[in-house]
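J.: Have a look at the structure that comes next, please.
The values are calculated or read from the model by the stated rules, or taken from the named source; none is laboratory data. Since the model is a prediction, treat every value here as computed from it, not as a measurement. Positions of Cβ are backbone-derived with ideal geometry, glycine not excepted, and every protein chain shown enters the neighbour counts.
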Amino acid sequence: MRYAPHHKQLTRERIREAAARLFRRKGYAATGVDTIMAAAGMTAGGFYGHYRSKEALLGDALDTAFLQSTDRTDARRAELGETEQIRRFVETYLSSGHRDAPEHGCPMPALAADVSRLKPRARSVFENHLRRRIADIGAQLGRSPEDDCLPIAALATCVGGLMLARAVKDRAFSDHILEACRTELLRDVDGTGQ
């Protein structure tokens, strides 16, 4: 049976999207090739026709996850002013909805620890998207690219706060972590911080 010329590309995209979702939900180490391929609606045997290893897939999956996350962020803020954009970003990022749906959220809190232990390709993809997000936050705050301390601190607080909120068992404590991070970041964004 002959496939259309773009069939392999579409199949590869399904694998990337399934991996991006599963890696964010379950983590890189806990997600096997069989699970990824089943989620993409295919058998595990077809994996190696697209990727030579799960680690090779991670770079593509990270790129997909970052782009999906950015697309959702851009769509929500298109009609907002810069200060309101950053406020909305903080409120959405440090929300129970983002905490409870990692498969649809930012890949940084879900995969930073995994990526730090892997080969350069995944780390490069991660770093490139991280740098773009810092620059984007800086622009929303009216900062020059050289004046990146607040954007870095803001993003690190968002990522770290979300990681901690996901890690604890006590739901009230998890909510408190999110609220504390939101409050302090918004104070800094509003210029009322110490």
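J.: Restricting to region 107-132, count the residues that are outside any helix (DSSP H, G or I) and touching a residue at least 12 places away in the same chain (Cβ under 8 Å). Walk me through how you get there before you give the answer.
T.: We begin by selecting, within region 107-132, every residue outside any helix (DSSP H, G or I); these are 116-119.
From what's left, touching a residue at least 12 places away in the same chain (Cβ under 8 Å): 118-119.
Of the residues in that region, 2 qualify.
J.: Something else about it: If you check Leu178 against the conditions, is it part of a helix (DSSP H, G or I), touching a Lys or Arg at 6+ places or on another chain (Cβ under 8 Å) and over 24 Å from Arg25 (Cα atoms)? Outline the logic, then answer.
T.: On the way: part of a helix (DSSP H, G or I): yes; touching a Lys or Arg at 6+ places or on another chain (Cβ under 8 Å): yes; over 24 Å from Arg25 (Cα atoms): no.
Answer is no for this residue.
J.: Would you confirm, using the coordinates I've provided, whether Asp114 is surrounded by 15 or more Cβ atoms within 10 Å (Cβ to Cβ) and closer than 14 Å to Arg24 by Cα? Write out each step before concluding.
T.: Details: surrounded by 15 or more Cβ atoms within 10 Å (Cβ to Cβ): yes; closer than 14 Å to Arg24 by Cα: yes.
Yes; evaluated as a whole, the condition is true for this residue.
J.: Here is a further query. Would you mind finding the one in Arg24, Arg16 that is closer than 24 Å to Leu130 by Cα and under 13 Å from the mean Cα position of the chain (by Cα)? Spell out how you get there, then give the answer.
T.: On the way: Arg16 fails: under 13 Å from the mean Cα position of the chain (by Cα).
Criteria check complete, one pass: Arg24.
J.: Do you know which residues across region 84-101 are part of a helix (DSSP H, G or I), touching a residue at least 12 places away in the same chain (Cβ under 8 Å) and either within 17 Å of Ala180 (Cβ to Cβ) or not aliphatic (A, V, I, L, M) (or both)? Reasoning before the result, please.
T.: Here is the first cut: in region 84-101, the ones part of a helix (DSSP H, G or I) are 84-93, 96-100.
This time we only want the ones that are touching a residue at least 12 places away in the same chain (Cβ under 8 Å), so: 85-93, 96, 98-99.
Hits for region 84-101 are Gln85, Arg87, Arg88, Phe89, Val90, Glu91, Thr92, Tyr93, Ser96, His98, Arg99.
J.: Still on this structure, please answer the following. Which ones in region 26-74 are among the acidic types (Asp, Glu) and either touching a strand residue (DSSP E or B) at 6+ places or on another chain (Cβ under 8 Å) or surrounded by fewer than 17 Cβ atoms within 10 Å (Cβ to Cβ) (or both)?
T.: Those that are among the acidic types (Asp, Glu) and either touching a strand residue (DSSP E or B) at 6+ places or on another chain (Cβ under 8 Å) or surrounded by fewer than 17 Cβ atoms within 10 Å (Cβ to Cβ) (or both): Asp34, Glu55, Asp71, Asp74.
J.: Based on what the data block shows, is Ala154 aliphatic (A, V, I, L, M), surrounded by 14 or more Cβ atoms within 10 Å (Cβ to Cβ) and either in contact (Cβ under 8 Å) with a residue 24 or more places away in the chain or not in a loop (DSSP other than H, G, I, E, B) (or both)? Working first, answer last.
T.: On the way: aliphatic (A, V, I, L, M): yes; surrounded by 14 or more Cβ atoms within 10 Å (Cβ to Cβ): yes; either in contact (Cβ under 8 Å) with a residue 24 or more places away in the chain or not in a loop (DSSP other than H, G, I, E, B) (or both): yes.
So Ala154 passes the test.
J.: Based on what the data block shows, is Ala4 farther than 13 Å from Ala61 by Cβ, hydrophobic (A, V, I, L, M, F, W, C), surrounded by fewer than 17 Cβ atoms within 10 Å (Cβ to Cβ) and at pLDDT 95 or above? Working first, answer last.
T.: Values: farther than 13 Å from Ala61 by Cβ: yes; hydrophobic (A, V, I, L, M, F, W, C): yes; surrounded by fewer than 17 Cβ atoms within 10 Å (Cβ to Cβ): yes; at pLDDT 95 or above: no.
For Ala4, the condition - farther than 13 Å from Ala61 by Cβ, hydrophobic (A, V, I, L, M, F, W, C), surrounded by fewer than 17 Cβ atoms within 10 Å (Cβ to Cβ) and at pLDDT 95 or above - is not met.
J.: Against the condition within 30 Å of Val168 (Cβ to Cβ), within 15 Å of the chain's Cα centre (by Cα) and at pLDDT below 90, how does Thr70 come out, does it pass?
T.: Working: within 30 Å of Val168 (Cβ to Cβ): yes; within 15 Å of the chain's Cα centre (by Cα): yes; at pLDDT below 90: yes.
Spelling it out, Thr70 is indeed within 30 Å of Val168 (Cβ to Cβ), within 15 Å of the chain's Cα centre (by Cα) and at pLDDT below 90.
J.: Is it the case that Ala156 is within 16 Å of Ile86 (Cβ to Cβ), under 20 Å from the mean Cα position of the chain (by Cα) and among the hydrophobic types (A, V, I, L, M, F, W, C)?
T.: Numbers: within 16 Å of Ile86 (Cβ to Cβ): yes; under 20 Å from the mean Cα position of the chain (by Cα): yes; among the hydrophobic types (A, V, I, L, M, F, W, C): yes.
Taking the combined requirement at face value, the residue satisfies it.
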